[in-house]
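Trainee: Sending over a structure as structure tokens; questions will come in a sec.
What follows is calculated from the coordinates using simple rules that are stated; it is not laboratory data. Everything numeric in this text was worked out from a predicted model, so none of it was measured. Counting neighbours? That spans all protein chains shown, and the Cβs are built from the backbone with ideal geometry, glycine included.
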Amino acid sequence: MSQTKTWWKEQVIYQIYPRSYQDSNGDGIGDIPGIISRLDYIQSLGIDIIWLSPIYASPNDDNGYDISDYRAIHPDFGTMADFDALLKGIHERGMKLVMDLVVNHTSDEHEWFEKSKSSKDSPYRDYYIWRDAVDGKEPTNWPSFFGGSSWEFHEETQQYYLHLFTKKQPDLNWENARVRQEIHDLVRYWLDKGIDGFRMDVISLISKDYPLTDTTKKAFGEVVIERYANGPRIHEYLHDLHTDVLSQYDVFTVGEGPGITRTNAIDYIGAERGELSMIFHFDHMFMDHGADGKFDPVAFDLKRFLDVIADWNDIIEEGGWISPFFDNHDFQRMISRFGDDGEHREACAKMFAILLLTLRGTPSIYMGSEIGMTNRTFDSIDQCRDVETINFYNIYVEKGGDPATFMKMVSDVGRDNVRVPIQWDSSSHAGFSTAKPWLDVNPNFTKINVKDCESDPASILHFYRELLRFRKQHRNFVYGTWKRIETSRVETFAYEMRFDDQQWQVFLNFSAEQTSISHGSGCTVVMANYLSPGDTFTGKLQAWEGVIIAV
Ligand code: TEU
Ligand code: CA
């Protein structure tokens, strides 16, 4: 199916986790003026769209994914005037701004919840999901994403409320038309300010499947699909939000959705559906999570990973659109997770850049990838700030688990790995702040930082710039076709892209082993992490080598 031309299909997203981008006032917390001071840098990369993780008022139980006022900026980040200046600065540079919309739940400190819990007769009671105890216990056996039960008992009114995330993140009741109206209003508030779209947090979870009943599944991922995601009214809610509000602006939306699968995704993103512009899917991100989630890991399966990438790429042929990504603020650094962050770090980071930027869709680059940032080591839970890590640590240790074993897992999969400050230079605190940061920098900042990359023409940073420039010059990436080329070796991923009379092939070696491929020998290199444009490809692939050739 051919795709209609739209600006947001042609662009590239850069995600900023605001607490960790740049501190401007020496309190150790990244802020809006800090981001403003780095806009020239972001523009110099060739980024089109900036996605900001939440900057709204929040008690920060889940670092801003627990919002207490949707129309206020958290003082840690600055003021509304700072926000307006940021938006202006972004637009002046020809870029766009996408905000995070977190409306599956609010903070328990949001005034709606304060009123809701005040009394069973409150007109706000029904803004959230309250239930009586059943046989003196939780209404259902639902586990929370962040450990423990999804129900919290409220003594004063003697009922439980539902929270799929932490108990400070009560789920909103979307069945209530007033709730939907409030959300439409707040979406309009931000769109009227001139932002260019929303990333919609766990949007697949907003419609609950009533009556709420016990799950029969054991594995958490299956519980999500069985009970939490893709509820009966999800498409009605998204369609209404689109029709009543979003469609009146020239904006786009990217929905985040655990439980969205390869088969039901098209219902969210099909061009004629009028729901979401694109989604982030998680099939490659959850595949090494075991029955109890990320702290119950199973072995990474490269073959499956590459099959998932190729399979989801085809959804674009079916008329859908996605945002490819390999890391974000919830996972670990992509090269540490899927590649090599040691000996072959540079080659590997560049190879992943080739992959990310030659898939179809609107790619999302998580801040710091452009310099090949890596996971760090966490030896003690005191070094961690993430509620997910802390909750699961407590559960693990209470059950008698060895703290050191858990901390090893945290160093692999903990979300704080990607939440550490950006490494700007080799001065103290990596140039992020003059004070001790809210989450300590990765000690490797003296070797991996933006400043050093700037002065090295062969750096990962310059490679990203070149690749982004290249992508912009060629429409193959956006409107062409993409087809996998079968290879005899799992670690060699190959595909072909065509547009008009242009034909390219991409070869990627997902290993440190040298190998060769029977395609493309004698063709001219157009972009590569070892070879230079204009070189002749010989069919040999070095460790983590990536190459795009013209056929
Ligand atoms: O994440 C949703 C989600 O699926 C994650 O909880 C994921 O399972 C987990 O992070 C894997 O470690 C979104 C936000 O991106 C995340 O930061 C929030 O904590 C969460 O929703 C609740 O708002
Ligand atoms: Ca600050």
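Trainee: Give me the one-decimal nm value for the distance between modelled label points at GLU114 and TYR249, 7 Å along each residue's Cα-to-Cβ direction.
Mentor: In this crude spin-label approximation the distance works out to 2.6 nm.
Trainee: So, one more: Leaving out same-chain residues fewer than 8 places away, which aspartates and glutamates sit with a Cα under 14 Å from that of LYS436?
Mentor: Candidates past the 8-residue exclusion: ASP23, ASP27.
Trainee: A follow-up question, please. Taking Cα atoms, how many degrees apart are the long axis of helix 302-313 and the longest axis of the chain, rounded to 10 and kept between 0 and 90?
Mentor: 80 degrees
Trainee: So, one more: Relative contact order of the stretch 423-524, please, whole-number percent, based on alpha carbon pairs below 8 angstrom and at least 6 residues apart.
Mentor: Relative contact order comes out at 14 percent.
Trainee: Hey, which aspartates and glutamates would be in cross-link range of LYS451, C-alpha to C-alpha under 16 Å, not counting anything within fewer than 8 residues on its own chain?
Mentor: Cross-link targets: ASP40, GLU346, GLU370, ASP425.
Trainee: How big is the Rg/Rh ratio for the stretch 222-281, C-alpha atoms only, Rh by Kirkwood, two decimals?
Mentor: 0.97
Trainee: Another one. What span do the alpha-carbon atoms of the stretch 78-162 cover on each of the three principal axes, reported in whole Å from largest to smallest?
Mentor: 60, 28, 18
Trainee: With no solvent and one equal point scatterer per Cα, compute the Debye intensity ratio I(q)/I(0) for the stretch 239-335 at 0.20, 0.24 Å⁻¹ and report its log10, rounded to two decimals.
Mentor: The calculated log intensity ratios at q = 0.20, 0.24 Å⁻¹ are -1.02, -1.29.
Trainee: For the chain, find the longest principal axis of its Cα atoms and tell me its angle to the long axis of helix 403-413, 0 to 90°, nearest 10.
Mentor: The two axes meet at around 60 degrees.
Trainee: For a quick check: sort VAL298, VAL245 by the number of other beta carbons within 10 angstrom, fewest at the front.
Mentor: Going from sparsest to densest Cβ surroundings: VAL298, VAL245.
Trainee: Which part of the stretch 125-152 falls in the paramagnetic zone of ASP214, meaning amide N under 11 Å from the point 7 Å along Cα-to-beta-carbon?
Mentor: So the set is 140-142.
Trainee: Counting other Cβ atoms within 10 Å, keep those with at most 13, restrict to DSSP loop, and tell me which GluC sites (Glu not before Pro) in the stretch 138-207 are left.
Mentor: GLU155, GLU156
Trainee: Another question, then. If each residue's Cβ is checked for other Cβ atoms within 10 Å, how do TYR160, TYR396 rank with the fewest at the top?
Mentor: TYR396, TYR160
Trainee: Okay, next question. Between GLU175 and ASP311, what length comes free when the chain is fully extended (0.36 nm per residue of separation minus the Cα-Cα distance, one decimal in nm)?
Mentor: Gain on extension, GLU175 to ASP311, equals 45.5 nm.
Trainee: Here is a further query. Roughly how many nanometres apart are two label points built 7 Å out from the Cα toward the Cβ at PHE286 and GLN3?
Mentor: 2.4 nm
Trainee: Would you mind computing the Rg to Rh ratio of the chain from its alpha-carbon coordinates, Kirkwood style for Rh?
Mentor: 0.96
Trainee: Once each part is reduced to its C-alpha centroid, what is the distance from the stretch 412-445 to the stretch 99-120 in angstrom?
Mentor: So the separation of the two Cα centres works out to 32 Å.
Trainee: Just going by the charge dipole of the chain, with Lys and Arg at +1 and Asp and Glu at -1 on Cβ, which of THR6, ILE35, LEU87 is farthest out on the positive end?
Mentor: The residue sitting most towards the positive pole is THR6.
Trainee: Compute the length gained on full extension between ARG131 and ARG262: take 0.36 nm times their separation in residues and subtract their Cα-Cα distance, giving the result in nm to one decimal.
Mentor: The ARG131-ARG262 span can extend by a further 43.8 nm.
Trainee: Follow-up. With +1 on each Lys and Arg Cβ and -1 on each Asp and Glu Cβ, and nothing else charged, work out how big the dipole of the stretch 242-321 is about its Cα centre, in Debye to the nearest 20.
Mentor: It comes to approximately 160 debye.
Trainee: Moving on to the next point. Neighbouring Cβ atoms within 10 Å as the yardstick, rank ASP244, ASP135, ASP23 fewest first.
Mentor: Ascending number of Cβ neighbours within 10 Å: ASP135, ASP244, ASP23.
Trainee: Placing unit charges on C-beta atoms (Lys and Arg positive, Asp and Glu negative, everything else neutral), compute the dipole magnitude of the stretch 1-130 about its Cα centre in debye, rounded to 20.
Mentor: 560 debye
Trainee: With a cut-off of 8 Å between alpha carbons and a minimum separation of six or more residues, what is the relative contact order of the chain in percent?
Mentor: Here the relative contact order equals 13 percent.
Trainee: Right, next: Work out the length of the dipole vector of the chain about its Cα centre, built from +1 on the beta-carbon of each Lys and Arg and -1 on the beta-carbon of each Asp and Glu, and round it to the nearest 20 debye.
Mentor: 1100 debye
Trainee: Continuing with the same structure: Excluding residues fewer than 8 places away in the same chain, name every one of the lysines whose C-alpha is closer than 19 Å to that of LYS540.
Mentor: Excluding near neighbours in sequence, the set is LYS350.
Trainee: How many Lys pairs in the stretch 75-228 lie less than 28 angstrom apart by Cα atoms, where the lysines are 8 or more positions apart or on different chains?
Mentor: Going through the stretch 75-228 pair by pair, I get 28.
Trainee: Right, next: Suppose each label sits 7 Å from its Cα in the direction of the beta carbon; what would the HIS154-LYS451 distance come out to in nanometres?
Mentor: It is 5.2 nm.
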